[in-house]
Amino acid sequence: MAVSVTLSGETPSPGAADELASLVRTAGGRVVATVSQNRAFPDSSTFVGKGKLEELKASVEACGVTSVVFDHNLAPAQVSRLEEAVGCKVLDRTELIMSIFARQARTSESKLQVELAQLRYALPRLSGMWHHLSRLGGGIGTRGPGETQLEVDKRKARARIRVLEKELERIAGRRDRLSRRRSDVFNVALTGYTNTGKSTLLNSICGSEAYSADKLFATLDSTTRRLDSPGGGTVFSDTVGFIDRLPEELIASFYSTLSVVREADLLLLVGDASHPCRDLQTESVRATLERIGAGGVPRLQVWNKMDIVSPDSAPVGGILVSALTGAGLPDLLAAVECERRSRLDWFRLTLSGSDGRLENWLHENCVMESFERAGEGTRTLAGALMGIGSVRERLADEDPSSWTLEPVPWADVSCSSESGRCRNG
Ligand SMILES: Nc1nc2c(ncn2[C@@H]2O[C@H](COP(=O)(O)OP(=O)(O)OP(=O)(O)O)[C@@H](O)[C@H]2O)c(=O)[nH]1
Ligand SMILES: [Mg+2]
């Protein structure tokens, strides 16, 4: 059973009911009835008002419901009172999302991250739960047995949180050492609302087999694939998707997994063009990117699932693709390549004489926009992602009279070359 309450000052989101049903489905349940209410503010004791509570209780009995899910977050004492009143389990939005993360976690890192988020959410709420229980048992101000148990529980939770934090730090450190963010490649992260097709897109771009499914939060770990091209290549990363009101505790626990987004050179904001709430989802993704500290990373809007969108309802702007059919992928890759080129340090190098080893080095490490041989000399317009300093360093091994190096602004390169010209993404 789903309960959605719209409080004053909140704009009811048109897709919220469907999204809640989808969350319940992914958590292994099914919404059999929905109760909604508009209230100025939540009831401090039971969140919904008395009349609505009666309605809720009657529906629970009539439909044989096993859990009631609220689309808001509840105070622990509200959960206890609601459970007493309706006679079944009551979950709030954060607990529901965390239970999905717990179900979908496959690697030991994501399992530990979810456990940490759940404990961080539960810890400050233990007092409320015990306060409620001790009030049921003893008089006001009495230090009942609940309070002693509360201290024990809090101590245990804090100790476990410390163990989890240490273990996660160790795992993240090891991963960072193995796959250190490389500055000589262009790092692109696919990010966006959950279920928009990010993993499917990674697979079609890189020919990989990342897990994709018609489920919310199918991906909880970061996957990285390299697409080789001259001058360092491009690394694409796929990671955990976002949702409206993503719990703070999950953001904190998944901080290191989300580093691929924070540290990316370019974000592909993958939206589901076929979703009726695609614009609201994109807004929510933008807000979440700010929350995780990736608000300043350059981005391209990509609209996926165009194979099931009629031309008259296609989004305006952005790159339109279908990860399933491959339509639009060449345009997407061209736009990424253009972004990459715009970040290179461009230079014109003139060599008197020909040096095979140096030329090989240039071909391996730089994007060669043009390469001309004239008599004994060679002249090239090239760009390097690792910076012109590295090119100078390499040239330091050569006779200084045999070369001249001159920086060239990207604007000059993009104006003079067809391949370097950016298309509007
Ligand atoms: N019709 C259509 N379906 C697609 C397309 N791309 C992905 N899908 C489907 O959308 C569903 C979600 O795909 P995923 O790639 O798992 O989505 P995701 O964004 O990685 O999802 P999370 O990891 O849960 O955040 C799957 O059922 C895919 O088959 C597409 O271009 N067209
Ligand atoms: Mg995925």
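The values are calculated or read from the model by the stated rules, or taken from the named source; none is laboratory data. Keep in mind that what you see is a predicted model, and the values were worked out from it rather than measured. Cβ atoms come from the backbone with ideal geometry, glycine included; neighbour counts cover every protein chain shown. For accessibility, only protein heavy atoms count, side chains too; no ligands or nucleic acids. Shrake-Rupley method; radii C 1.70, N 1.55, O 1.52, S 1.80 Å.
At-a-glance table
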| read-out | value |
| --- | --- |
| Cα centroid separation - segment 364-395 against segment 41-58, whole Å | 71 |
| Loop-exposed GluC sites (Glu not before Pro) per DSSP, neighbour cap 16 Cβ within 10 angstrom, longest uninterrupted part of the chain | 11-208 |
| Accessible solvent surface per residue of segment 186-340, calculated while the other protein chains remain in place, 1.4 angstrom probe, Å² | 37 |
| Spatially proximal lysines relative to Lys52 (Cα-Cα < 19 Å; intrachain offsets below 8 disregarded) | Lys89 |
| Given charges at Cβ of Lys, Arg, Asp, Glu: the chain dipole, positive-most of Ala210, Thr94, Gly377 | Thr94 |
| Heavy-atom SASA rank of Ile251, Ile308 (probe 1.4 Å, accessible area, largest first) | Ile308, Ile251 |
| J(HN,Hα) series, segment 109-121, from Karplus relation 6.51 cos²θ - 1.76 cosθ + 1.60, nearest Hz, glycine and proline x | 5, 5, 5, 5, 4, 5, 4, 4, 4, 5, 5, 5, 6 |
| Amide H within-cut-off set for Val90, under 5 Å, with H built and near neighbours excluded | Val68 |
| Cα centroid of segment 314-334 to Cα centroid of segment 217-259, whole Å | 20 |
| Residue-span extension gain [Glu263 to Thr66] - 0.36 nm each, minus C-alpha spacing | 66.6 nm |
| CD proxy at 222 nm, helix term only [per DSSP H run n ≥ 4: -39500 (n - 2.57); per residue of the chain; nearest 500] | -14000 deg cm²/dmol |
| Calculated FRET value between Ala58 and Asp18, using beta carbons and R₀ = 30 Å, to 0.05 | 0.75 |
| For Ile292, distant residues with modelled amide H under 5 Å away | none |
| Inter-site label distance for Arg103 and Cys88 at 7 Å from Cα along Cβ, in nm | 1.6 |
| Nearest-20 debye value, segment 344-416 charge dipole, Cβ charges on Lys, Arg, Asp, Glu | 100 |
| Two-site FRET efficiency, Asn38 against Ala334, from Cβ-Cβ distance with R₀ of 56 Å, rounded to 0.05 | 0.70 |
| Nearby lysines by direct alpha-carbon distance to Lys166 (threshold 29 angstrom, same-chain neighbours under 8 apart not counted) | Lys111, Lys154, Lys156 |
| Length released on extending from Ser208 to Ser401, taking residue separation times 0.36 nm less the Cα-Cα span | 64.7 nm |
| For the chain, with +1 on Lys and Arg beta carbons and -1 on Asp and Glu, the positive-most of Val270, Val65, Val152 along the dipole | Val152 |
| Modelled FRET efficiency - R0 41 Å, Val163 with Asp184, Cβ distances, 0.05 increments | 0.65 |
